[in-house]
Amino acid sequence: MAPPTGKRVKGVQIFRPFVYGTTAKPFDEKTNPKPPGVPDDHTHSWTIFVKGIDDVDITYWLRRVQFKLHESIPNHVRMIEGEKGKPFEVHETGWGEFEIAIKLYYVPESAEKPQTLYHHLRLHPYGRTEAEKETMRLAGGEIISWAYEEQIFNEPYEPFYEILTSGAMPPAHPLPPSSASTPTQPGHHKSLSKSSISGGGKSKDKDKDKEVQMIRSEGGVLERSAMIPLVNRPGQPFSRETEQVEIKKLQEAMVKVDEMVRKNKEEVQRKEARLRELKAESAAAAAAATAGK
């Protein structure tokens, strides 16, 4: 971790979405033939990765990733250096499932300590129900186990803040100085870049007339932003559409839970009332027995 430079940007929290996980596929002579030299007992090829949402570049904040595989695999600790626009990934073959430790190393400007994630390699269909497992079996044999995550940077140092916020919005449309360090949306920040505050008056007038091209992914996500796609696409399962589906599931689950709580309360009240009746009957019987003596 590099020593911190500059001051922290107080009161600011920036997040960047990313995806990590594994994709596995059984060997098959037609669709996935086993390469020469692969051990006979290896049944699958698989990949472990960390990448940006909608495949956008994340090397501006993530420098390298260490994947710690099962100790039985040769060279089981793999360090992958970042290449702009490419995922951090390891390709392997094997026959068993195991937990993979994923250690994230940030760019020096962040002065952040490495963080570790854990992911279970899936080689076989899985799910909460048999229907979910069957759906996975019918997906061409490919076993996808991906997770959506958000990297949060609390009060980043000024140099790192500039790196995080200098690419999402075009230089010709900076925030006014009074609001440059007070973003309106968490994670999706804007700031004055060098190209937007330097140069003479004539060049500024010319820049105003030029249309600035912002870099977007196929799903419409701006580079260096906290955006996610609006809808799902093949190979891109995380989007606002997915978010709404999950929210709907949570809302439906909350309704079921509320109904279960209501029924449980009614049952408890019924049993408490019956208990009081039994106690009253017992007391009356005891009193009658005492009076008869």
Scalar couplings 3J(HN,Hα) for segment 83-90 by Karplus 6.51 cos²θ - 1.76 cosθ + 1.60 (θ = phi - 60°), nearest whole Hz, x for Gly and Pro, are 10, 3, x, 10, x, 8, 8, 10
Quick one: go through segment 243-269 and flag any residue whose amide nitrogen is under 13 Å from the point 7 Å out along the Cα-to-Cβ line of Arg276. 269
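Return one quarter of the surface area of the convex hull spanned by the alpha-carbon atoms of segment 55-140, equal to its mean projected area, in nm².
Working: hull surface 29.8 nm².
The orientation-averaged projected area of the Cα hull of segment 55-140 comes to 7.4 nm².
Could you look at segment 65-131 and say what percent of its accessible area is carbon and sulfur, using a 1.4 Å probe and all protein chains? Please report the intermediate quantities before stating the final value.
Details: 2010 of 4010 Å².
Percent of accessible area from carbon and sulfur atoms in segment 65-131: 50.
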Could you tally the net charge around Trp95, taking each other residue with its Cβ under 14 Å from the Cβ of Trp95, Lys/Arg +1 and Asp/Glu -1? -1
Along each principal axis of its Cα atoms, how long is segment 1-88 end to end? Whole angstroms, biggest number first, please. 57, 28, 19
With a cut-off of at most 15 other beta carbons within 10 Å, and DSSP calling the residue loop, which chymotrypsin sites (Phe, Trp or Tyr not before Pro) in segment 104-139 qualify? Please list them. Tyr126
Once the principal axes of the Cα atoms of segment 236-293 are found, what is the range along each, listed largest first in whole angstroms? 84, 12, 7
Debye sum, Cα scatterers, segment 1-160, no solvent: what log₁₀ I/I(0) at q = 0.14, 0.17 1/Å? -0.79, -1.04
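The values are calculated or read from the model by the stated rules, or taken from the named source; none is laboratory data. Here the structure is a predicted model, which is why all the values come from computation and not from measurement. Note that we place each Cβ from the backbone using ideal geometry, even for glycine, and neighbour counts take in every protein chain shown. Side chains are part of the model used for accessible areas, which takes the heavy atoms of the whole protein and leaves out ligands, DNA and RNA. Shrake-Rupley method; radii C 1.70, N 1.55, O 1.52, S 1.80 Å.
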